[in-house]
Amino acid sequence: MPTKIEKDALTGIELKGHEWDGIKELNTPLPRWWLYVFYATIVWAAGYMVFYPAVPWLGGHSVGVLGYTARDDLADKLKAQQARRAGGVAKIEAAAPAAILKDQELLKIARRGGEVAFKENCAACHGVGGAGTKGSYPVLADDDWIWGGSVDAIALTIRHGIRSEDPNARASEMPAYGAGLLTPAQIDEVAEFVLSLSGKATSTAAAGKGSITYAEQCAACHGEKGQGNVELGAPKLSDQIWLYGGTKAAIVAQVSKPRQGVMPAFEGRLDETTRKMLAVYVHALGGGQ
Amino acid sequence: MSEQVASESAVSRKASRPPEKRESLYADWVKVHPKAVKGPIRRIKWIALVVFLAIYYLVPWLRWDRGPGAPDQAMLLSMDEGRAYILGLEIWAQEIYYLTGLLVLAALGLFFVTSLFGRIWCGYACPQTVWTDLFLAVERFVEGDRNARIRLDQAPLSLAKLAKRGVKHGIWIVIAVLTGGAWVFYFWDAPTIARELLTGDAGTGLYALIFLFTATTYLLAGWAREQVCTYMCPWPRFQSAMFDEDTLIVTYERWRGEPRGSHKAGAGWEGRGDCVDCNQCVAVCPTGIDIRDGSQLECIGCGLCIDACNAVMAKVGRPANLITFDTQRAQDAIAKGRERPRFQLVRLRTAVYLAIMAFVGIAMLIGLATRSPVEMNALHERNPLFVTLSDGSIRNAYTLRVLNKRLEERELVLALEGLPGAVLTLPGHPARPDGRVALRAKPDEVMTLQAFVKAPRDIVRESQEIRLVLRGEKGQVEAERAAPFKGPPGGPSR
């Protein structure tokens, strides 16, 4: 400690008593308000360490007298959120899907809930808003349904899936006609006939020949006029919607070696209320029947 | 070259000057201890204080019947509902520009009044002034007048000092809590929220809000006081732009005050000014300035120095109003021995402010008179942009929001225009034979609707515009919205 505090001649401010190569440091202390705030944070930190988990040690950490954990906090918040939703959820639980569609208030709740569930579980394949994925996953916003577009049919599809591992899943299989069942020429003619159903045939002669093969091989499932059959999941062939493409080449490919989509069952993954809201949401996308 | 010459001359000037003593430009804050004063201006200030506090505390409790379902508070800015209720006027959140218009009008009104009468807003009506005045009154009541307070500040810490300080801050905090507490009444139904606050049922957010306004009131009116006006408030910095020679300001009549000096009773007044240099004008000033130095930034124009000076002038037997509210023009004229000019109410400046105020006011009135009681928004669904249906036609989806601002139910009809051949459907709302859709809009509500527009493939381009028109009971157009209608790329097929 210097016995006499030296003052800077020019400014009159006290010096700290250090000197580096002739440079002396002025004593300019921190502002008092700043210092007090700093002390207050130290006091706060001490209190925090007592009440909240703070000190880590091997294999754990101090718990704090409040017993607070962020995980419990989240659980509480989730519980509170569920309690807040309980009223609406209970109404959805009690109502049949068809009744929900008729009630504007219930419909609003179900569409909200269904939208969230859809984005989490369905949108990866079927696209946000049911836009579908060209060539693999059906559009859900249009009016064409392979396995039925009533709200109950949609609910059933969501519950058990299509060609899934669920024993109650609906399944059907289109034979691979290219593997010897039909000759390439016959397949070509059938494709022409299928195109003619929606007025797109390139050769009426070929389409005429194809009609015979179609009646023998295809009409049982797809219907005589290509009207399809939702019971068997046989798509309508007379409309403008082609899941795997509507060009002749795409149709030939599909007849020769069919691709068939698989939809997982959501029973066990989503509870009944969520599935109900999902079915209503999909139905209300615009194509529900 | 010239640069060099300049720098050389600067050097020589520097050298010729005596070495300067370096002084800090920093001036520490000196606490102001305004003295109590009596007089007509102080009385006006007391009345202003009571009136403005009464307005602040009572307005949220005024009721205004708006019929069932609507709040009956005359002045309510409901954050929860996004509505501002001002007497018969109901402003929705998206019409916030009406509130902006009101604020613009208030600002122009302030300019107008300032150009006429100087800083009477600062001196009498500003909340900072009103609450500081109130807090100073408390301080004076507890700790005594100016000299007693200066003594108390310098006195060592004692039990008596601690007690006085404690009582003062206690009362300050009570006032601050009441101030902060009253603020929230403007944003929620006052009786309901008052009951909740008293029973402890109100949310923590509300208490936090009250704490915030309590803290700011306590700090600004109790501790910061005149420093708010001098350092924090932007208004004093540019109010001089509204001043001119015809603006009333607090003025010291230098021409008859100087030379100042103390005066013995019985002595003559020849060869000297009327100012007896008693410093009363400085002692009573709430911002601690000397008005005899002329018009200055810190002066809030409250005129308490006028009261103080007039009391002294009466005592020494000289004419009153050595310090007075007067215009620069009048003072200049009198100082030069001319006749006092008439006070100019109508000037280019005041006329311009009035004209702008009238323009804004009329624009707002027209806006309010013609504002639509129904609004509609149409949001085009982008996931997916469009859907191809079985028959090849193209369908777009929209989310419509229909706002009914009236407090009665409306029968509205929605029609699609701009795309002949297209069909509009709204699930849950059956279409009429003419293809339009009837909607029942509940009072004071926002309806969210799902709408589909379907058009044959051969009229659909990649992108076109449709119009959704909402008509009222008599077929009048209430709202109209353009929205895109999207189709597959490549234009109409076949």
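The values are calculated or read from the model by the stated rules, or taken from the named source; none is laboratory data. These numbers come from a predicted model, not from an experiment. Backbone-built Cβ (ideal geometry, glycine too); neighbour counts: all protein chains shown. In case anyone asks, the SASA skips ligands and DNA or RNA and just uses the protein heavy atoms, side chains included. Shrake-Rupley method; radii C 1.70, N 1.55, O 1.52, S 1.80 Å.
Between A:F38 and B:L178, what FRET efficiency follows from the Cβ-Cβ distance if R0 is 30 Å, with the result rounded to 0.05?
0.35
Which far-off residues, 5 or more places away or on another chain, put their amide H under 5 Å from the one on B:R371, with H placed in the peptide plane?
Those lying under 5 Å, H to H, from B:R371: there are none.
If I take every Cα pair under 8 Å that is 6 or more residues apart in region A:177-256, average their sequence separation and divide by the length, what percent do I get for the relative contact order?
After rounding, I find 30 percent.
All other residues with a Cβ under 14 Å from the Cβ of B:A320 taken together, and with Lys, Arg as +1 and Asp, Glu as -1, what is their net charge?
Local net charge: -1.
If you average over every viewing direction, what projected area does the convex hull of the Cα atoms of region B:374-486 give, in nm²?
Over all viewing directions, region B:374-486 projects a mean Cα-hull area of 6.8 nm².
Once you measure Cβ to Cβ distances between cysteines in chain B, which Cys have no partner under 4.7 Å?
B:C122, B:C126, B:C229, B:C233, B:C275, B:C278, B:C285, B:C299, B:C302, B:C309
Determine the sum of side-chain charges near B:C275: Lys and Arg each +1, Asp and Glu each -1, restricted to other residues whose C-beta is under 10 angstrom from that of B:C275.
The answer is +2.
Using a 7 Å offset from the Cα along the Cα-to-Cβ direction at both B:T204 and B:R340, what is the distance between the two label points in nm, to one decimal?
So the label points at B:T204 and B:R340 sit 6.4 nm apart.
Rounded, prolate or oblate: which fits region A:177-256 when a ≥ b ≥ c are the square roots of the eigenvalues of the alpha-carbon gyration tensor, with rounded for a/c under 1.5 and prolate only if a/b beats b/c?
Note, shape of region A:177-256 comes out rounded.
Could you give the length gained on full extension between B:A106 and B:A431, defined as 0.36 nm per residue of separation minus the Cα-Cα distance, in nm?
Working: separation 325, 0.36 × 325 = 117.00 nm, distance 4.94 nm.
Computed gain between B:A106 and B:A431 is 112.1 nm.
Can you return the aspartates and glutamates within cross-link range of B:K474? Criterion is Cα-Cα under 13 Å, with same-chain partners fewer than 8 residues away left out.
Straight-line reach from B:K474, under 13 Å: B:E411.
Using the Cα gyration tensor of chain A, with a ≥ b ≥ c the square roots of its eigenvalues, what is the shape: rounded (a/c below 1.5), prolate (a/b larger than b/c) or oblate (neither)?
Cα axes put chain A in the prolate bin.
Where does the Debye-calculated log10 I(q)/I(0) of chain B sit at q = 0.07, 0.13 Å⁻¹, using only Cα point scatterers of equal weight, no solvent?
-0.65, -1.28
Could you tell me how many degrees, from 0 to 90 and to the nearest 10, lie between the Cα long axis of helix A:104-121 and the main elongation axis, the longest principal axis, of the Cα atoms of chain A?
In chain A, helix A:104-121 runs at an angle near 80 degrees to the longest axis.
Using only Cα atoms, find the angle between the long axis of helix A:272-283 and the longest principal axis of chain A, and express it within 0 to 90 degrees, rounded to the nearest 10.
Tilt of helix A:272-283: around 60 degrees.
Expressed as a rounded percentage, what relative contact order does region B:374-486 have, with Cα pairs under 8 Å and six or more residues apart?
Computed value for region B:374-486: 33 percent relative contact order.
Roughly how big is the B-A contact, given as buried accessible area in Å² (both sides, 1.4 Å probe, nearest 100)?
Looking at B and A, the buried total is near 1200 Å².
Kindly point out which whole DSSP H helices in chain B project their C-alpha atoms 18 angstrom or further along the helix axis while averaging a Kyte-Doolittle hydropathy of -1.0 or above. Show your work: numbers first, answer last.
Numbers: long enough: B:2-16 (21 Å, -0.61); B:40-58 (27 Å, 1.38); B:97-117 (29 Å, 1.97); B:127-143 (23 Å, 0.31); B:159-183 (36 Å, 0.85); B:204-217 (19 Å, 1.47); B:304-316 (19 Å, 1.39); B:348-370 (33 Å, 1.94).
Once both thresholds are applied, what remains is B:2-16, B:40-58, B:97-117, B:127-143, B:159-183, B:204-217, B:304-316, B:348-370.
For the protein assembly as shown, what is the largest minus smallest coordinate of the Cα atoms on each principal axis, given in angstrom and ordered from greatest to least?
If we take the Cα atoms of the protein assembly as shown, the spans are 137, 79, 78 Å.
Percent of Cα-Cα pairs per 5 Å bin, from 0 to the last occupied bin, for region B:322-389, please list those.
Reading upward from the zero bin: 3, 11, 10, 9, 7, 8, 7, 7, 7, 6, 5, 4, 4, 3, 3, 3, 2, 1, 1, 0.
If the cut-off is a Cα-Cα distance under 15 Å, which aspartates and glutamates reach A:K77, setting aside same-chain residues fewer than 8 apart in sequence?
none
Using a 7 Å offset from the Cα along the Cα-to-Cβ direction at both A:D72 and B:V50, what is the distance between the two label points in nm, to one decimal?
Here the modelled spin labels are 5.7 nm apart.
Shape of region B:244-335 from its Cα gyration tensor (a ≥ b ≥ c, root eigenvalues): rounded if a/c is under 1.5, otherwise prolate when a/b > b/c, or oblate? Don't skip to the answer; put the middle values down first.
Numbers: a/c = 2.09, a/b = 1.36, b/c = 1.53.
Oblate, because a/c is 1.5 or more while a/b does not exceed b/c.
Kindly flag which residue pairs out of A:K119/A:K276; A:K276/B:K454; A:K4/A:K24; A:K102/B:K454; A:K108/B:K405 have an alpha-carbon separation exceeding 25 Å in this structure. Each step should come with its number before you reach the end.
Details: A:K119/A:K276 15 Å; A:K276/B:K454 28 Å; A:K4/A:K24 15 Å; A:K102/B:K454 22 Å; A:K108/B:K405 22 Å.
From the list (A:K119/A:K276; A:K276/B:K454; A:K4/A:K24; A:K102/B:K454; A:K108/B:K405), the Cα-Cα distance tops 25 Å for A:K276/B:K454.
Nearest 500 deg cm²/dmol is fine: what mean residue ellipticity at 222 nm does the protein assembly as shown get from its DSSP H runs of n ≥ 4 alone, each adding -39,500 (n - 2.57), divided by its residue count? Intermediate results must be reported in sequence, preceding the final value.
Values: 25 runs with 323 residues, N = 783.
For the protein assembly as shown, the value works out to -13000 deg cm²/dmol.
Using only the alpha-carbon atoms of region B:195-312, report the extent along each of the three principal axes, biggest first, to the nearest angstrom.
73, 36, 21
In nm, to one decimal, how far is the B:V316 label point from the A:S62 one, both placed 7 Å along Cα→Cβ?
7.0
State the extension gain, in nm to one decimal, for the chain segment bounded by A:Y244 and A:F51, taking 0.36 nm per residue of separation less the distance between their alpha-carbons.
On the way: separation 193, 0.36 × 193 = 69.48 nm, distance 6.24 nm.
That pair, A:Y244 and A:F51, stretches by 63.2 nm at full extension.
Under a straight-distance cross-link criterion of Cα-Cα below 24 Å, which lysines are reachable from B:K31, leaving out those fewer than 8 residues away in the same chain?
Correct list for B:K31: B:K45, B:K161, B:K164, B:K168.
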